[in-house]
């Protein structure tokens, strides 16, 4: 009830605050350390709230050995963040962030406020910088390091996150990196220690990404992109999903990630380790349209090739609303809203959106409809995996106050001997509100 009241308060109050005074004001969240304002400490706070209705996978249960449920409605704090960005000199900076994910009205006992990011970075020049600590700095693809409060769609591009919460901690790892821009070439190279977060057991000829220490103690991840038009900043690690028409961007990128003996499977009961090899090629476009540039078209497309051992496959249920399943009624997907998203094989992913002009001279915000689609040919599955989302953002005050609706369609697979085939599709509807203070 308290969280519902907070959401209602924000929805009603935020638009009125956004237009109560059109005159720019001093940002109270920034403390300048010199007269030139090149050194500062900046604080930020943002959150995302979900109201959701889900058609659950067969056999889903809210409690272990409890009754089976076919649907679910719930409220979630999907993400909450508080951050401090310190530009200590013209070349040295530090970043610190705390927060949590997935405070669910049904599951929240295991949710705690954690340190998500804590890193420092020194820029020798635009062409070369070095940093270290716990961070979201990652290669492989554009959305291996996503800006979670600037999505074009409603949520993460999970196809770009094959090791999510197995060898990383909420996308974060501890390591060092070098990065820079040389002319129109943007690069990043990261060496990191895989986190020991997940707990997945290998099967006979069924591999998992290993997190038990038998692999290398280091992983290497890299991503390079060529920027045809406006350059994007690489001062921070995360890439936005849209610039809302403020930049003209067209980038072509390629990424790679490697870990020695990073996957494990069984052969006649004995553990066999293979290298984890992941690579991606992607393209991102954000193009303002019209003479006055009041509209914009945004699109992203990527091809993922993952080698994670024989028949490796992960069913992911983002912010899952049912965590248990009756084995006698279960599908291959497992509990809740889980479905096969990443694994050994090839995937193609695309998202696109269109930004409409401001409504009412800007007093009523802007609309931005979007969609995404993933099709994957996984070695473990007999059928193609196809899933899609469609929705619309109401940008009340840009990303600082945004109300969104999305509908997802996901396949439900069933195992019959060695064959794993699509049997039906399930849906999920999400209403999200996001606010930011920074």
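The values are calculated or read from the model by the stated rules, or taken from the named source; none is laboratory data. Values in this document were obtained by computation on a predicted structure and should not be read as measured data. Here Cβ is always computed from backbone atoms with ideal geometry, including for glycine, and neighbour counts include all displayed protein chains.
Brief remarks follow.
- Qualifying positions in region 18-56 - touching a strand residue (DSSP E or B) at 6+ places or on another chain (Cβ under 6 Å) and modelled with pLDDT under 90: 18
- Residue in region 282-292 that is closer than 30 Å to residue 70 by Cα and assigned to a strand (DSSP E or B) present: no
- Members of region 363-377 found to be on the phi < 0 side of the Ramachandran plot and part of a loop (DSSP other than H, G, I, E, B), listed by number: 363, 364
- Condition met for residue 380 (assigned to a strand (DSSP E or B), surrounded by 15 or more Cβ atoms within 10 Å (Cβ to Cβ) and at pLDDT 95 or above): no
- Scanning region 294-306 for residues that are buried (at least 24 other Cβ atoms within 10 Å of the Cβ) and not in a strand (DSSP E or B) yields a count of 0.
- For region 390-400, the criterion of being surrounded by fewer than 16 Cβ atoms within 10 Å (Cβ to Cβ), closer than 30 Å to residue 31 by Cβ and within 20 Å of the chain's Cα centre (by Cα) is satisfied by at least one residue.
- Within region 421-437, none of the residues are at pLDDT 95 or above, under 24 Å from the mean Cα position of the chain (by Cα) and assigned to a loop (DSSP other than H, G, I, E, B).
- Some residue of region 248-261 being crowded, with 17+ Cβ neighbours inside 10 Å, out of contact with any strand residue (DSSP E or B) (no Cβ under 8 Å at 6 or more places or on another chain) and touching a residue at least 12 places away in the same chain (Cβ under 8 Å): no
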